[in-house]
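Below is one structure, written out as structure tokens, with a few remarks after it.
FYI, it's all coordinate maths here, none of it is from the lab. What you see is a predicted model; the values in this text were computed from it and never measured. Methodologically, a virtual Cβ is constructed for each residue, glycine included, from the backbone with ideal geometry; neighbour enumeration extends over all protein chains shown.
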Amino acid sequence: MASTALPSRTFHRRALPSSAPSHHSRETFAPGCLPGAVSRRRAAVQLLSAGFLTSVAPPPPSLAARRGRIVVPPEDYATAPDGLKYYDLVEGKGPIAEKGSTVQVHFDCIYRGITAVSSRESKLLAGNRSIAQPYEFTVGSLPGKERKRDFADNANGLYSAQAAPKPPAAMYTITEGMKVGGKRRVIVPPELGYGKRGMSEIPPDAPFELDIELLELISPAEK
């Protein structure tokens, strides 16, 4: 019986996209080395190089150090009678502030390396200019009593006598004992700072650093 030949059929496949390089690009491999081995070797070398660079690179400086601020170790802070931690950056050589002294200071409230509140950015009445106006208060007084709306006219323009932002309550006591020309850094807890409301970039219930520079004073006997 003669066998009947079946018609041949041709199957066509859809060409799948390939990540392999085209015939125009060629990569040369060493004899006996497969492409996968070369890729693994290259990756190992890159990892080793990255680890080596990490081990020899110095640690990045802190934000305060990069901005030129003095970094004070926590153990170097002294403790005031009310429990505030402070450190004298500059001792000063002038008269000593005592309770009842009227003082003029510059103050900066720094939160995580950012100056959030500063007397060096006092607002004029128009609100479109800032000046570095010292803040005046009486050491040991209740916070905020000196923030009266008196006005003065000088070369910088019309401004409030207390155009500087509101200082933290800690400043009214921790200034005692400073000398004119001195600079003091204070760790301010939330209850003696800006409390549950916060201020500017300082969030509610957050501690921060307070830098005080004592510019002038009038002793109680001179008043």
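Listing for the model above:
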| item | result |
| --- | --- |
| Theoretical gain in end-to-end length, ILE70 to GLU201 [0.36 nm per residue, Cα-Cα removed] | 45.0 nm |
| Computed over segment 67-122: relative contact order in percent, which uses C-alpha pairs under 8 Å that are six or more apart | 16 |
| Protection-proxy order for peptides 207-214, 179-186, each taking the mean of Cβ atoms within 10 Å per residue, highest first | 207-214, 179-186 |
| Local net charge near ALA221, Cβ-Cβ under 14 Å (Lys/Arg +1, Asp/Glu -1) | 0 |
| Subset of LYS145/LYS196; LYS85/LYS223; LYS196/LYS223 violating a 26 Å alpha-carbon distance limit | LYS85/LYS223; LYS196/LYS223 |
| Eligible aspartates and glutamates near LYS179 by straight Cα distance, threshold 17 Å, same-chain separation 8 or greater | ASP88, GLU91, GLU98, GLU136, ASP211, GLU213, GLU216, GLU222 |
